[in-house]
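Since the structure comes first, as structure tokens, the remarks are kept for the end.
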Amino acid sequence: MKNEKIILITGASSGIGAATVDKLLEAGHKAVITARSTDKLNAIVKRWGEDKVLAVTADVSIPTEVEMVFKKAQEKFGRIDVVFANAGTGANSPGIEKGLPDEWKTMLDVNINALLFTAKASLAALRKTQGHFIITSSIAGKITLKGSVYGASKWFAYGFGQNLAAEMAEWKGRCTIICPGMVNTPFFDEAKPDKLDPSDIADAVLYAISANPRCDVREISLMPTN
Ligand SMILES: NC(=O)c1ccc[n+]([C@@H]2O[C@H](COP(=O)([O-])OP(=O)(O)OC[C@H]3O[C@@H](n4cnc5c(N)ncnc54)[C@H](OP(=O)(O)O)[C@@H]3O)[C@@H](O)[C@H]2O)c1
């Protein structure tokens, strides 16, 4: 395919990440998919074939595991054009007074530290391809949410994405922050069928990476109409 891109996606085993893998492969691109759930990743490879998808099991909150994913991606495809830093998690106990520090630590390790590790592991490869880094922040990263540590972690992702965009612009790299409202994914214990569908976010990713190279789509916000 002309303009075929090699796209590395974190949090690819479920929800937004898994829907984005399908959308990008349908569009003729190839993917490196990572998450901790080997079985779910392997099911995606089985669906699309090993020539189009490489699955690498990793915990993105561990820097050496993130580096290993990038090494295997380069070995398989020889380059990386796009990185979609999408892995994220929430906390069950809301608020500060009733919140649980251990839960915060696990969540911040994924929503903040893993984002940093993924960005650091990406830049040398993306510089070579004048590539694209995409972040899943959230509407929760743009509004006040009473006592929400999750929301604050998404403010970090939103602010970090803007600073990273400025750094990448020095070599014509592009950086997009995606800010969805509520999406019907396994992130929630109960289904949210009247909210956004994960495929809506996948459409936004495809739009951002398909833009003319002169156009850096810096930010996309999506809200359910309901
Ligand atoms: N759903 C929403 O309403 C919504 C709205 C705005 C933003 N978001 C953001 O969208 C992103 C994707 O969430 P989702 O809704 O698609 O939820 P999800 O279905 O629960 O997916 C989360 C993904 O992150 C991966 N992950 C979590 N911890 C990880 C770790 N330590 N190492 C590697 N992978 C890890 C999970 O894979 P494994 O468990 O297999 O490791 C899974 O693939 C998150 O950043 C979330 O904050 C969601």
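The values are calculated or read from the model by the stated rules, or taken from the named source; none is laboratory data. This one's a predicted model, so the numbers in the text were calculated from it and none came from an experiment. Counting neighbours? That spans all protein chains shown, and the Cβs are built from the backbone with ideal geometry, glycine included. These accessible areas exclude ligands, DNA and RNA; they are computed on the full protein's heavy atoms, side chains included. Shrake-Rupley method; radii C 1.70, N 1.55, O 1.52, S 1.80 Å.
If you go through the stretch 183-218 and keep only what is outside any helix (DSSP H, G or I), open to solvent by 40 Å² or more (accessible area, probe 1.4 Å), within 15 Å of the ligand (Cβ to nearest atom) and in contact with a helix residue (DSSP H, G or I) (Cβ under 8 Å, 6 or more places away or on another chain), you end up with N184, P186, F187, D197. Could you tell me whether V66 is near the ligand (Cβ under 10 Å from one of its atoms) and surrounded by 17 or more Cβ atoms within 10 Å (Cβ to Cβ)? In short, yes. Restricting K2, K76 to residues that are free of Cβ contacts under 8 Å to residues at least 40 places away in the same chain, away from the ligand (no atom under 14 Å from the Cβ) and more than 23 Å from S199 (Cα to Cα) narrows the list to K2. Across the stretch 69-91, the number of residues qualifying as open to solvent by less than 50 Å² (accessible area, probe 1.4 Å) and of a type in the set (D, E) comes to 1. When residues in the stretch 29-62 are screened for being more than 12 Å from the ligand (Cβ to nearest atom) and either open to solvent by 40 Å² or more (accessible area, probe 1.4 Å) or part of a loop (DSSP other than H, G, I, E, B) (or both), 9 of them pass.
For the stretch 92-117, filtering for residues that are open to solvent by 40 Å² or more (accessible area, probe 1.4 Å) and not acidic (D, E) leaves 13.
Taking the stretch 120-138 as the range and being away from the ligand (no atom under 14 Å from the Cβ) and either small (G, A, S) or not in a helix (DSSP H, G or I) (or both) as the test, the residues that pass are S122, A124, A125, Q130, G131, H132, F133. Restricting attention to the stretch 139-171, the residues being surrounded by 15 or more Cβ atoms within 10 Å (Cβ to Cβ) and not in a helix (DSSP H, G or I) number 3.
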